[in-house]
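**Q** Here you go, one structure.
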Amino acid sequence: MGTNIGKIPIRLLFLFEILSLSLIFIYRWDNLDFNTFATGIGLVLLVYFSNSFLRKISSGDHYIFLIVSMMFSIGLIMIFRISSDLGIKQLLWLLIGIGVFFASYFLVKNIEFWDKMILVYLGTAYGLFAMTFILGARLRGAINWISIGGVSFQPAEVTKIALIFFLASYYYNIEKYSKNKYSEWIVMGIVYSYIGLLFLQRDLGTALIFFGIYTGLQYIYCNGRRYEIANLSLALLGGSLGYILFDHVKIRVLTWLNPWPYINDKGYQITQSLFAIAEGSYFGTGLGRGNPSFIPLSYNDFIFSSISEEMGVFTGIGVIMLFVLLVYRGFKIALLQNHKFYRIVAIGISLMFGLQAFIIIGGAIKVIPLTGLTLPFISYGGSSIVSSFLALGILQGASEKVVKEDETYE
Amino acid sequence: MFDILSVIFKYVFVIIIYVFIFTIIRMIYLDIKTIKTISGDLKAYLKVLNPLDTIPYKMEDTYVIEDNLTIGRGSDNLVVIRDPYVSKHHLKILLDEGNYFIEDLKSSNGTILNNSKLEDVSILKSGDIIKVGDIDLMFIHKG
């Protein structure tokens, strides 16, 4: 006991992946080719070795990558079950994502001037917005996709991280910036300009995340209650204006309050999602035995409902618990970090994961109005997977003690 | 065939996921516990008595004494005190036949042991307070 407990989760993960992949391979036996099989085994081995490797090279947190490995394993088998094409793509995205994780981990660890690049983050964010408006394609009501050379991605996924770094470099250097009396208002203006642009793209979920991250960090680091009051009143005003002016916002609220009159069109998604969860009951119907294809976007926004249907509400609760643990570890990393910049980044990223999971799971189970978002690490989607791993790599980097010579202790 | 497998596996999956979560929580819990009870397992250590947030440089809460230990301003010491009034190699604690001894390494501003200036090599008792610069360290030795 004690000495060996550290090995248990990684073995359980290994077992889970082997069992679930073999089940899926049996299910997809007819159109299974050697490449899929090899990639699947490759992923299992990669996850196993990157967890052990991380233990050796990183003195920081050893839980977040494990937790995330479990999350994407659950997501992967669900996606594979829904469509083997998407499953293969997701496998590749996961391989890329793990690479991005290590890359961003080493970058965060070895570069020291992250807090001095506030203008770069600002420029990146506005640049990505401009790109979205120029090259963007309207997909499912939102112009938030651009495709370059056949690869389409959602720029807002990267903008989220740019926002966190922007706010972190501002609050880290707040003494310098607060010489300008209006600096806090300027920052608020910038954040609201992002939110406004997202509103114009009709990407309500991401707008909500931006607002959440900003409010959270402002609550912790900004002194002066009047800014917080201004922020909250602006949000309230913007929300009500959005409700009055835009039909798509109104529909979200109406179908949230009572989706049943609109069951054939506007409320279709949410009612199907509820049916699926009810159908699954505690242990689910079993993989391959339910009808997740009845839910629109069952592999993406509504993956939580698909998981609940086929793997049971218990697995659904398990997914929520994994997110709770991830966010808990994120805050723990922030508490243990001495360097203020990395502390703010860690809080921002944990907030981002937590909020995103809450908004989309809450939407799928009709706790809050539905807004289209991906469930980090679980939903299908290249940009979502890659940017989530990017953020996780940053969190991993922030979990290590950054000791600088003569750094003043705060 | 597949249906039977699928039904069996759904229970297996739920069990694996919950055991996984439980183990992680247990590991996190054990980690927290080891930080809190660290003093229970150690034989000899130095505890910094100043509240850490009042020290303008980085210090740990406790320092474990294995056999020998030096305190000073230089980075090669085990206990680094970045105070200009502390010499590069300020003092030394050494273990000899089960007893710990303290020796000042001819530091410019000296070391205070229990309110009196340390002149010669002295034996350390548990509970002794060593003052180096502005930092008060308590020596604790069990057994």
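**Q** Mind listing the long-range amide H neighbours of A:Gly267? Cut-off is under 5 Å, sequence gap 5 or more, other chains count too, H placed in the peptide plane at 1.01 Å from N.
**A** Amide H neighbours of A:Gly267: A:Tyr262.
**Q** Let me ask you something else. Whose amide H sits under 5 Å from the amide H of B:Leu124, counting only residues 5 or more places off or on another chain, with H placed in the peptide plane?
**A** The answer is B:Tyr100, B:Phe101, B:Ile102.
**Q** A follow-up question, please. Label points 7 Å out from Cα along the Cβ direction at A:Val367 and B:Lys43: separation in nm?
**A** 5.2
**Q** Okay, next question. How do A:Ile111, A:Ile307, B:Ile129 rank when sorted from fewest to most other Cβ atoms within 10 Å of their own Cβ?
**A** Values: A:Ile111 10, A:Ile307 28, B:Ile129 14.
So the residues, fewest neighbours to most, are A:Ile111, B:Ile129, A:Ile307.
**Q** Oh, and also: Could you please state, rounded to a whole Å, how far the C-alpha centre of the range A:341-381 is from the C-alpha centre of the range A:240-314?
**A** Centre-to-centre distance over Cα atoms comes out at 17 Å.
**Q** Shape verdict for the range A:1-128, please, from the Cα gyration tensor: rounded (a/c under 1.5), prolate (a/b greater than b/c) or oblate.
**A** oblate
**Q** What angle do you read, to the nearest 10 degrees and between 0 and 90, between the alpha-carbon axis of helix B:2-36 and the longest principal axis of chain B?
**A** Approximately 10 degrees, to the nearest ten.
**Q** State the percent of C-alpha pairs, over all pairs in the protein assembly as shown, separated by a distance greater than 38 angstrom.
**A** On the way: 60670 of 152628 pairs.
In whole percent, the share of Cα-Cα pairs in the protein assembly as shown beyond 38 Å is 40.
**Q** Sequence gap of 8 or more, or different chains, plus Cα separation below 24 Å: how many lysine pairs satisfy both in the range A:8-398?
**A** The result is 20.
**Q** Next question, about the same structure. Taking the Cβ of each residue in A:Val327, B:Val86 as the centre, tally the other Cβ atoms inside 10 Å and list the residues starting with the fewest. It would help to have the intermediate numbers written out before the result.
**A** Working: A:Val327 21, B:Val86 24.
Going from least to most buried by this count: A:Val327, B:Val86.
**Q** By count of other Cβ within 10 Å, fewest leading, how are B:Lys43, A:Lys332 ordered?
**A** Fewest to most other Cβ atoms nearby, the residues stand as B:Lys43, A:Lys332.
**Q** Between rounded, prolate and oblate, where does the range A:270-322 land on the alpha carbon gyration tensor, with a ≥ b ≥ c its root eigenvalues, rounded for a/c under 1.5, else prolate if a/b exceeds b/c?
**A** It comes out oblate by the Cα gyration axes.
**Q** Another one. Counting Lys and Arg as +1 and Asp and Glu as -1, what is the net charge of the other residues whose Cβ lies under 10 Å from the Cβ of B:Glu103?
**A** 0
**Q** If a/c stays under 1.5 just call it rounded; otherwise compare a/b with b/c (prolate if a/b is bigger, oblate if not). Do that for the range B:98-143, with a ≥ b ≥ c from the square roots of the Cα gyration tensor eigenvalues.
**A** Oblate.
**Q** For B:Met138 and A:Ile220, what is the calculated FRET efficiency with R₀ set at 41 Å and r taken between the beta-carbons, to the nearest 0.05?
**A** 0.75
**Q** Please report how far the C-alpha centroid of the range A:68-90 lies from that of the range B:77-92, rounded to the nearest whole angstrom.
**A** Here the two parts' Cα centres lie 56 Å apart.
**Q** Just subtract the alpha-carbon distance of A:Asn264 and A:Ile186 from 0.36 nm times their residue separation and send over the number in nm, one decimal.
**A** Between A:Asn264 and A:Ile186, full extension yields 23.6 nm more.
**Q** So who's got an amide H within less than 5 Å of the one on B:Asp136, skipping anything under 5 residues away but keeping other chains? H placed 1.01 Å off N, in plane.
**A** Correct list: B:Leu49, B:Asn50.
Only the coordinates and a few stated rules stand behind these numbers; no lab work does. All values reported here derive from a predicted model rather than from experimental measurement. Here Cβ is always computed from backbone atoms with ideal geometry, including for glycine, and neighbour counts include all displayed protein chains.
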